[in-house]
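Shown next, in structure tokens, is the structure this report addresses.
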Amino acid sequence: MPTNKEKIWDVVVIGGGASGLMSATVASSRGLSVLLLDKNKRLGEKLKITGGGRCNITNNEPDFQKFMSVYGAGAPFLYSPFSIFGVKDTFNFFESRGLPLVEEARYRVFPVSEKATDVVDFFEKQLIKNKVKVENSCLVLNIIKENNQILGVKTNKGNYKGKSFILATGGLSHPETGSTGDGFKFLRDLGHNVSDPSPDIVPIEIKEDWPKKLSGLSLSFMKITFFLDGQKQFSKKGKILFTHFGLSGPLILNSAKLIKPLLAKGKVTAEIDLYPDSTIGGLEDRFIKILDLNKNKILKNVLPEIMPEGFGEIINKLIDFVDLGTKVHSLKKEDRARIVRLLKSLPLTVLGLMGLDRAVVTDGGVSPKEIDTKTMRSKLYNNLYITGDLLNISRNSGGFSLQICWTTGYVAGVSV
């Protein structure tokens, strides 16, 4: 009987992340012999930290056109694979195999347990059930090819042969989980055109100190507007997380790809509206009522009643144009109006996007034009399939990125 290295596997999957786990599960469920190679000691290292450790499995946005618009120029290439395996199929895939899902705000879908480790455990059980051979701590050094065929892979554990190969090594986000861009190198060596990766869904660095002093504070449903050299560019509403370097959270992460080109053109600034559902007049009326109830108090002790919770310690930084020791009944009308305007437009200066090490998703990768997206097969090699973050397709956080992994992994798994 041949050893694992002498054996010619029906399918060799390179990469034990989301799309690799999906493709290995699906291919093996068809009765194919599958070898899964992963450079990490354990499978699903990046999957375990997705969604803040909760694993945002998909997004159940009911408007399909709106759902597809998230993928930008890559959307036309995704219609075919999504017709084979879409969001409803994702629900069925997991729930029918024992992992119940729940839909939360903004159509985000998580496992009911809200534990990303349960998703990894789910796949490990499927691989065991389907008799998939897993080689951990297995670093692929290069891919062995001849003409338009892949013959095998050279690894630190020796060479492995296969009839078909699925490349699922991921992009360059969170390199500490093993996503170090190996797949991009392999694809270039094979003759594919690969765009250099850069941060796509990533936090932003801010010049001012006050956001950093709020590190860890999260505000829901804020509005932020970005400007280029003083000219308004775009606005978004959502959740903002203050960090020790600036801003993060879904609202910021999903704005990064729009901010990136602006940074190359000039000075980028931003304004946060703490009360996006109130007009200037409405917020001022509310402020006046609070002031009327506290006429004999000093301003510093009253401001927390209109400032969001957690802002108390940085009031002095934000409101430096009026003496906070002023009695409320002595506050000038113009200063009251200025405070209200500040709450509607807290100014910030954007220094840049954070690096690849903090990116949730990177762009870059092989062009979908070089892939038969009905099968995820390379147009250069008839037994090579390419999945997940190796594809140069834009996407947002909120479940959209993992859905590409599930979809492309499934399509490759049923096509090999």
### Message
Defining a contact as two alpha carbons under 8 Å apart and six or more residues distant in sequence, what relative contact order in percent does the chain show?
### Response
25
### Query
Which residues' amide hydrogens lie under 5 Å from the amide hydrogen of D323, considering only partners 5 or more residues apart or on another chain, with H built in the peptide plane?
none
### Task
Would you calculate, for the chain, the mean residue ellipticity at 222 nm contributed by helices, counting each DSSP H stretch of 4 or more residues as -39,500 (n - 2.57) and dividing by all residues, to the nearest 500?
-8500 deg cm²/dmol
### Summary
The base-10 log of I(q)/I(0) that the Debye equation returns for segment 252-303 at q = 0.17, 0.22, 0.30 Å⁻¹, one scatterer per C-alpha, is -0.71, -0.86, -1.13
### Message
Test of understanding: ordering Y79, Y275 by Cβ neighbours within 10 Å, fewest first, what list do you get?
### Response
Y79, Y275
### Query
Which ordering of I272, I252, I166, I84 is given by a fewest-first count of other beta-carbon atoms within 10 Å?
I84, I272, I252, I166
### Summary
If unit charges are put on Cβ atoms (+1 for Lys and Arg, -1 for Asp and Glu) and the dipole of the chain is taken about its Cα centre, the option from S137, G17, L78 lying farthest towards the positive end turns out to be S137
#### Entry: Residue (of L263, H329, I319) at the positive-pole extreme of segment 203-354, dipole from beta-carbon charges
L263
### Summary
Measuring from its Cα centre, segment 57-158 shows a charge dipole (+1 at each Lys and Arg Cβ, -1 at each Asp and Glu Cβ) which, in debye to the nearest 20, is 440
### Query
Arranged by the count of other C-beta atoms within 10 angstrom, fewest first, what order do W9, W406, W210 take?
W210, W9, W406
### Query
About the Cα centre of the chain, what is the dipole size in debye to 20, counting +1 per Lys and Arg Cβ and -1 per Asp and Glu Cβ, all else neutral?
260
### Message
Can you tell me which aspartates and glutamates have their Cα less than 12 Å from the Cα of K223? Leave out same-chain residues fewer than eight positions away.
### Response
E271, D273, D277
### Query
Which value, in debye to the nearest 20, gives the size of the charge dipole of segment 1-132 about its Cα centre, when Lys and Arg are +1 and Asp and Glu are -1 at the Cβ?
400
### Among the listed pairs K237/K344; K46/K125; K41/K369; K239/K332, those beyond 24 Å (Cα-Cα)
K41/K369; K239/K332
## Note on the structure
Of the candidates G191, I252, L274, the farthest towards the positive dipole end of the chain (Lys/Arg Cβ +1, Asp/Glu Cβ -1, centred on the Cα centre) is G191
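Every number in this text was worked out from the coordinates using simple rules, so none of it is lab data. Every value quoted in this text rests on a predicted model; they were computed, and no experiment measured them. Virtual Cβ from ideal backbone geometry, glycine too; neighbours counted across all protein chains shown.
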